[in-house]
Amino acid sequence: MHPELYALHLAHIDCDAFYASVEKRDNPALADKPVIIGGGKRGVVSTACYIARIHGVRSAMPMFKALEACPHAVVIKPDMEKYVRVGREVRQMMQALTPLVEPISIDEAFLDLSGTQRLHGMPPALVLARFARQVEKEIGITVSVGLSYCKFLAKVASDFNKPRGFSVIGEAEAVAFLAGQPVTLIWGVGKAFAAVLERDGVRTIGQLQRMERADLMRRYGSMGDRLYHLSRGEDERAVHVERGAKSVSAETTFNEDLSSAADLVPILRALSEKVSARLKKSGIAGRTVVLKLKTQDFKLRTRNRQLADPTRLADRIFATGRELLARETDGTRYRLIGIGVSDLTDDGRADPPDLVDAQAGKRAKAEGAMDVLRGKFGRAAVETGYTFGKGRNAHPPEEVDD
């Protein structure tokens, strides 16, 4: 029970250890075993079930550290196609509750159920409880629900009692509840910014509540304004309906660290073709090419370049990525490489004739012919000189649709 239970309408729903839960659903023999989803010994942990988490395994942890913490864990490579399919099933069930569903990732979303009580014949709290039970019964995984009056606190509430949690934060209790929480509870306060606040003597949200808005903004700029409002439970952001992908990319983790262009370029070409195929299939194009590299000590490098026109061609994605990569092949050893495009739009104005590069049109036609052959006989039917017999020192590319 909660004094505001039937007055609250804004929810955050988060699937519990999503990837691992789907794998356990599909293989009951894994039910009581620690399960880690990730890319083998050279990769990182995508997610871990709650049994594995008891042993200290966490998302984004290097796999070798995860296996040191939990050597008896069952490691499963991600099956993104399956996870996307299950995620869509959950999403469709959310959209049956309200048209105001804002996905945050494949397995979580905000919902605004204001005005739906007459439709469902019950308040949002009861609708959400029945939804959680329905997901467990029909899809075979569990979710946690956070219910509040604003997005910030709904998200906080959904993390309280995972798995199978249902937590509520009301408006009357918000300020008092937040006062004792660490500043890292606030969106945007990661380790680096928390260290800045620590140097200034600020460790709890209650300390922020006692500071003036002008002082916070003078110290921390626009982030100071966010600290002022969220520390007081003030969040006026509305739930927006589903948005399209922000970017399309593919990346891969190497079996051994690589440093030379001779090793990296063929892999970059293969990833560029993967991204291009997804763009063409979806009828979209992107104007900004983004190169992603992760060093052997897990430091991330991203480089990007905006094109004059949107592209969906592997040739242009690869050529731009190769130029960006040339500046990074300075002897640094890398464990991961990725390529993608952002600033997405429909492909109606993509790849106009290039008046500077006379050969671009011929390469585009050749790529189109390759696409036709691959559509009939599979991707291995045609390979370029870059990829033929090369780029084997990597895991299969992992696609990302942000």
Exercise for the section: Determine if region 158-167 includes at least one residue that is in a helix (DSSP H, G or I) and at pLDDT 95 or above. Expected result: yes
Practice task
Within region 55-98, work out how many residues are open to solvent by 40 Å² or more (accessible area, probe 1.4 Å), among the small types (Gly, Ala, Ser) and under 23 Å from Ala11 (Cα atoms).
Solution key: 1
Practice task
Could you please tell me which pairs satisfy a Cβ distance under 8 Å, a separation of 6+ or placement on different chains, a first residue in region 189-212 that is under 18 Å from Phe152 (Cα atoms) and at pLDDT 90 or above, and a second residue that is open to solvent by 40 Å² or more (accessible area, probe 1.4 Å) and aromatic (Phe, Trp, Tyr)?
Solution key: Leu208/Tyr228
Fill in the blank from the handout: Exactly one of Ala285, Ala238, Ala277, Ala270 is under 23 Å from Ile106 (Cα atoms) and either among the acidic types (Asp, Glu) or buried (at least 22 other Cβ atoms within 10 Å of the Cβ) (or both), and that residue is Ala285
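Answer yes or no: is there a residue in region 220-230 that is surrounded by fewer than 11 Cβ atoms within 10 Å (Cβ to Cβ) and closer than 21 Å to Glu102 by Cα. Quick ask: steps written out before the conclusion?
The first filter runs over region 220-230 and keeps only residues surrounded by fewer than 11 Cβ atoms within 10 Å (Cβ to Cβ), leaving 221-222.
Next cut, closer than 21 Å to Glu102 by Cα only: none.
No, because not a single residue in region 220-230 is surrounded by fewer than 11 Cβ atoms within 10 Å (Cβ to Cβ) and closer than 21 Å to Glu102 by Cα.
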Exercise for the section: Mind listing just one residue for me: the one in region 99-128 that is open to solvent by 50 Å² or more (accessible area, probe 1.4 Å) and either within 24 Å of the chain's Cα centre (by Cα) or hydroxyl-bearing (Ser, Thr, Tyr) (or both) and, of those, modelled with the lowest pLDDT? Expected result: Ile104
Exercise for the section: Output the number of the condition that Lys294 fails; it satisfies all remaining conditions of (1) touching an Asp or Glu at 6+ places or on another chain (Cβ under 9 Å); (2) loosely packed, with under 13 Cβ neighbours inside 10 Å. Expected result: (2)
Exercise for the section: Please work out which one of (1) among the acidic types (Asp, Glu); (2) within 24 Å of the chain's Cα centre (by Cα); (3) on the phi > 0 side of the Ramachandran plot is the condition Asp351 fails and give its number. Expected result: (2)
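The values are calculated or read from the model by the stated rules, or taken from the named source; none is laboratory data. A quick note: this is a predicted structure, and the numbers were derived from the prediction, not measured. Cβ: placed from backbone, ideal geometry, glycine included. Neighbour counts: every protein chain shown. Quick note on the areas: whole protein, heavy atoms, side chains included, nothing else; ligands and nucleic acids left out. Shrake-Rupley method; radii C 1.70, N 1.55, O 1.52, S 1.80 Å.
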